[in-house]
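Notes follow once the structure below has been shown.
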Amino acid sequence: MTKRLTLFFALLFSVLLLSVTASAQGGLKPIADTGMIDLGPTEVLRLSVAGGDVTGDGNDIVVRFRQMSYIEQGNVYRVGSTNTSAPITLGRREATAIEIPNVGLPVRGVVLSNNRNVKVVAIVFDTSTQRINAIMTFIPD
């Protein structure tokens, strides 16, 4: 129980930190967050984003991917490393994706965008069996 409570507070702190730093990302805000995932030895976390002109206003959509890995110190998980991609501009009918490999530590993927209407899908993919083990879809507010 204590380990779960500690994990909850670690994730809560991470979400709050992402919210505070959104303004530093050039107006890009977190729109999809997988939370911390412990991948199997042959699994990868794949984040796919389909954007384009989803609002019909002619504006392109900009996205960035953030990937994190966590380390355990005692009963607490802390962010061990983080990496944020350069901004990616999606035109009409375009999509992009990243794969976060298993690094032997729990990982997390976050999509930042200037538009909350992009379509984000995260899958846990087993590279040895070529099968999808989990699918997460994110519904805009």
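The values are calculated or read from the model by the stated rules, or taken from the named source; none is laboratory data. Just so it is clear, the structure is predicted and the values come from calculations on it, not from any experiment. Heads up, the Cβs are rebuilt from the backbone with ideal geometry, glycines too, and the neighbour counts pull from every protein chain shown.
So, in the range 118-132, how many residues would count as being loosely packed, with under 13 Cβ neighbours inside 10 Å and of a type outside the set (S, T, Y)? Before you say what the answer is, go through the steps one by one.
In the first step, residues of the range 118-132 are kept if they are loosely packed, with under 13 Cβ neighbours inside 10 Å; the result is 128-132.
In the following step, the residues that additionally are of a type outside the set (S, T, Y) were identified as 130-132.
The qualifying residues number 3.
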Tell me whether the range 67-84 contains one or more residues that are within 18 Å of A50 (Cα to Cα), hydroxyl-bearing (S, T, Y) and under 15 Å from the mean Cα position of the chain (by Cα). no
One residue is enough: does the range 46-57 have a residue meeting the conditions over 26 Å from N133 (Cα atoms), surrounded by 15 or more Cβ atoms within 10 Å (Cβ to Cβ), of a type in the set (D, E) and touching an Asp or Glu at 6+ places or on another chain (Cβ under 8 Å)? yes
Looking at V49, V103, V54, V20, which one is within 19 Å of R116 (Cβ to Cβ), in contact with a Ser or Thr (Cβ under 6 Å, 6 or more places away or on another chain) and modelled with pLDDT under 95? V49
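Here are some residues: N102, N75, N114. Which one is in contact (Cβ under 8 Å) with a residue 12 or more places away in the chain, out of contact with any strand residue (DSSP E or B) (no Cβ under 6 Å at 6 or more places or on another chain) and polar (S, T, N, Q)? If you could, list the steps in order and put the result at the bottom.
Numbers: N102 fails: out of contact with any strand residue (DSSP E or B) (no Cβ under 6 Å at 6 or more places or on another chain); N114 fails: out of contact with any strand residue (DSSP E or B) (no Cβ under 6 Å at 6 or more places or on another chain).
Only one candidate qualifies: N75.
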Name the residues in the range 105-117 that are under 27 Å from E72 (Cα atoms) and buried (at least 18 other Cβ atoms within 10 Å of the Cβ), would you? P106, V107, R108, G109, V110, V111, L112
